[in-house]
Amino acid sequence: MFLSPRRSSRFAPLLWVAGALGAVGSSLPAAEPAAAPADGPRDSPAAWADERLPALLDLYRHLHSRPELSNQETATAAKLAEEWRAAGYDVTTGVGGTGVVALLKNGAGPTVMFRCDLDALPVTEATGLPFASQVKTERPGGGETGVMHACGHDVHMTSVTGAGRYFAEHRDDWSGTVMLIAQPAEEIGAGAKAMLEDGLFERFPKPDYAVALHVTPNAAAGTVETLAGYSLANVDSVDVTFHGRGGHGAQPHTTQDPIVMAAEFVLSAQAIVAREVKPTDPAVVTVGSIHAGSKHNIIPDEATLQLTVRSYSDAVRKQLIAAIERRANAAAAAAGAEPPTVNASEGTPSLYNDPALTARLTAVFQNELGADAVGTGEPSMGGEDFSRYGKAGVPNPTTLPGPSRLRA
Ligand code: ZN
């Protein structure tokens, strides 16, 4: 699941905590109905969240002011491990790098995984907030950069911690296993893979369902969006290098100019989406970087290009990469040059939200927050490695509620 709580202020994400609690609380089958405590009715998730908001805000500010870059999230992971242990969870650290897994077993029933992400971005914070990040770090290529939770993963960690506390304090209301995970390196699309390769679904129970959220500035505070089916794209990076024969700019007839090959390729590649892919299949081919040469009058030996390539289905993903390779080869062949080098990285797979589970959770949100506060999200060509848990077999088709159209 990929849910987008809307937000237009920094407080909105915390309203999402209440929404998430409602959703997760009802997505597990309840145990035998518990008798109301003698001192009155059980508190609703929303009332509980209102009461716990100050403590959750403290955690949020703590995390926000101490951001860490991908795969360096040691202090953030330690903080969450401490919080989750204190809430009564059985916590394992160091899963897939800095990842954290927390289990709360509460009798028979499904295992539901709630995932948050640990990492921040190399962005200098300029909000002026009293809890703004002052963190600076070295850039990989040299120079210094600020670090900020500019993508909102601090909100996700706070939300999952709030949900985890709610479950721990309301064990009479549900049965099954709650599995909280804090995943490293979402920003570089590496953390989910690393946790899975470190035995996430072998060393710990393989969840029947998995839920995650992402904040968005594109919608109103206090509202939540869900979206069934394809929601985020396959994200592939492709490197193309044209190998020409350099020489003097005044004697082009003695060269094979890789800049001209690259220029022809860039225009040719625009026809892939426009003329090769079925118009109703979303696809993107963007050349984001092109580098060649060092001086006005020297034709270089090589030109290198970096592309981002996006799609939803596996078939379109393969079609795009094959077309890029074919058109790059054609541009080189037209110049009489040797074939270019084309390397496609293994990217992040597209995110497909299970329709049955999405419908079930959407109804819970509507019930808890009111129908006006729940909308339908827009599909995006962005990426999110939460998709890897789906690719690894979650939700479990044998335990899904009702008919479910699983990803092809
Ligand atoms: Zn993010």
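What the table shows:
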{"item": "Computed [θ] at 222 nm, helices only, for the chain once each DSSP H run of length n ≥ 4 contributes -39500 (n - 2.57)", "result": "-10500 deg cm²/dmol"}
{"item": "The stretch 117-165 versus the stretch 55-114: alpha-carbon centroid distance in Å", "result": "16 Å"}
{"item": "The chain - percent relative contact order, Cα under 8 Å, separation 6 or more", "result": "22 percent"}
{"item": "Charged-residue dipole, Cβ positions (Lys, Arg, Asp, Glu), the chain about Cα centre, Debye nearest 20", "result": "540 debye"}
{"item": "Calculated from backbone phi, Karplus (6.51, -1.76, 1.60) coupling profile of the stretch 207-221 in Hz, x at Gly/Pro", "result": "x, 7, 9, 9, 10, 9, 9, 9, 6, 9, x, 8, 9, 6, 4"}
{"item": "ARG317, ARG139 arranged by Cβ crowding within 10 Å, fewest neighbours leading", "result": "ARG139, ARG317"}
{"item": "Acute angle (nearest 10 degrees) that the helix 74-86 long axis makes with the longest principal axis of the chain, alpha-carbon atoms", "result": "20 degrees"}
{"item": "Entries of LYS206/LYS391; LYS193/LYS391; LYS136/LYS193; LYS278/LYS391; LYS79/LYS206 with Cα pairs more than 21 Å apart", "result": "LYS136/LYS193; LYS278/LYS391; LYS79/LYS206"}
{"item": "Stretch gain in nm, segment GLU202-ALA333, where the contour uses 0.36 nm per residue and the Cα spacing is subtracted", "result": "42.2 nm"}
{"item": "Tilt relative to the chain, helix 45-65 - C-alpha long axis, 0 to 90 degrees, to 10", "result": "40 degrees"}
{"item": "Selection from PRO279, ALA102, HIS149, by position along the positive dipole direction of the chain (Cβ)", "result": "PRO279"}
{"item": "Helix axis angle, 258-271 relative to the chain longest principal axis, alpha carbon, degrees", "result": "50 degrees"}
{"item": "Cβ-placed point charges (K, R +1; D, E -1), dipole of the stretch 273-316 about Cα centre in debye, nearest 20", "result": "160 debye"}
{"item": "Charge dipole (debye, nearest 20) of the stretch 234-346; +1 at Cβ of Lys and Arg, -1 at Cβ of Asp and Glu", "result": "240 debye"}
{"item": "Given charges at Cβ of Lys, Arg, Asp, Glu: the stretch 39-92 dipole, positive-most of LEU69, TRP84, SER44", "result": "LEU69"}
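Bear in mind these aren't lab numbers, they're just calculated from the coordinates by the rules spelled out. Please read all numbers here as calculations on a predicted model, not as lab measurements. Cβ atoms come from the backbone with ideal geometry, glycine included; neighbour counts cover every protein chain shown.
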